[in-house]
Amino acid sequence: MFSEAFPFILKEEGGYVNDPKDSGGATNKGITQKTYDAFRKSQGHEERSVRHLTKVEMSKIYFDIWTSCKASELPEGLNILHFDFAVNAGNRQAAKILQRSVGVEDDGVIGPITLGKIKSSDTEDLIHGYSELRKEFYRGLVATRPKDLKFLKGWLLRTNRVTELALSKIKKERSA
């Protein structure tokens, strides 16, 4: 559920950062300036620095990501893992990793074939597989963009933390 995933994202993303080595540029609570500009435009507002992002705007932006990455259509646990990666790498990349984890064509669009395959798969196995593919993605990213090496350890640790959270949701659901 979004209400459980949202606090995890906020904790992981921290506050305002403008690291010159980060390809995403200036971010606040993980929301890039580009994303913030598009959101403000969609709301009929002028652009302004992401530093001035409000809690209401942040919640709306993250809920839009939750919806657009189809997290609400995924099993408990897997939904949080997928949402977190969509926040970190974008919906298309997250969809490709999800599709690879279930063995369907990775076109970056989650449709009925992907969702059907997910429903017929073991969620715990999917979580483990998705997490490993996510880590491979990060390692591959660093191999092609060595400047991102400084972020690799954090990305891998974040993946471990969200995987633990995802697995705890399954265990909680099974014991209920």
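Among the residues of region 33-51, those identified as open to solvent by 70 Å² or more (accessible area, probe 1.4 Å) and either within 16 Å of residue 13 (Cβ to Cβ) or of a type in the set (Ser, Thr, Tyr) (or both) are 34, 42, 51.
Of the candidates 3, 59, the single residue that is in contact (Cβ under 8 Å) with a residue 12 or more places away in the chain and either under 20 Å from the mean Cα position of the chain (by Cα) or in a helix (DSSP H, G or I) (or both) is 59. Might you check whether a residue that is in a helix (DSSP H, G or I), among the β-branched types (Val, Ile, Thr), farther than 22 Å from residue 2 by Cα and touching an Asp or Glu at 6+ places or on another chain (Cβ under 8 Å) occurs anywhere in region 137-144? Checked against the condition, which is being in a helix (DSSP H, G or I), among the β-branched types (Val, Ile, Thr), farther than 22 Å from residue 2 by Cα and touching an Asp or Glu at 6+ places or on another chain (Cβ under 8 Å), region 137-144 yields at least one hit.
In region 81-110, what residues are under 9 Å from the mean Cα position of the chain (by Cα) and assigned to a helix (DSSP H, G or I)? Within region 81-110, 81, 82, 83, 84, 85, 86, 87, 88, 89, 91, 94 meet the criteria.
Scan region 121-140 for residues that are over 13 Å from residue 74 (Cα atoms) and more than 15 Å from the chain's Cα centre (by Cα) and jot them down. Result: 125, 128, 129, 136, 139, 140.
Kindly indicate the residue of region 62-80 that is in a helix (DSSP H, G or I), in contact with a Leu (Cβ under 8 Å, 6 or more places away or on another chain) and open to solvent by less than 10 Å² (accessible area, probe 1.4 Å) and also farthest from residue 126 (Cα to Cα) among those meeting that condition.
80
Determine whether residue 142 is surrounded by 21 or more Cβ atoms within 10 Å (Cβ to Cβ), out of contact with any Ser or Thr (no Cβ under 6 Å at 6 or more places or on another chain) and of a type outside the set (D, E, K, R). No. Scanning region 125-176 for residues that are of a type in the set (D, E, K, R) and modelled with pLDDT of 95 or more yields 125, 132, 134, 135, 136, 139, 153, 158, 161, 164.
Listed by first and then second residue, the pairs linking a residue in region 110-131 that is among the basic types (Lys, Arg) to a residue that is open to solvent by 40 Å² or more (accessible area, probe 1.4 Å), with Cβ atoms under 9 Å apart and 6 or more places separating them unless they lie on different chains, are 117/103.
The values are calculated or read from the model by the stated rules, or taken from the named source; none is laboratory data. What you see is a predicted model, and the numbers here were worked out from it, not measured in a lab. Positions of Cβ are backbone-derived with ideal geometry, glycine not excepted, and every protein chain shown enters the neighbour counts. Note: accessible area is taken over every heavy atom of the protein model, side chains too, but ligands, DNA and RNA are not part of it. Shrake-Rupley method; radii C 1.70, N 1.55, O 1.52, S 1.80 Å.
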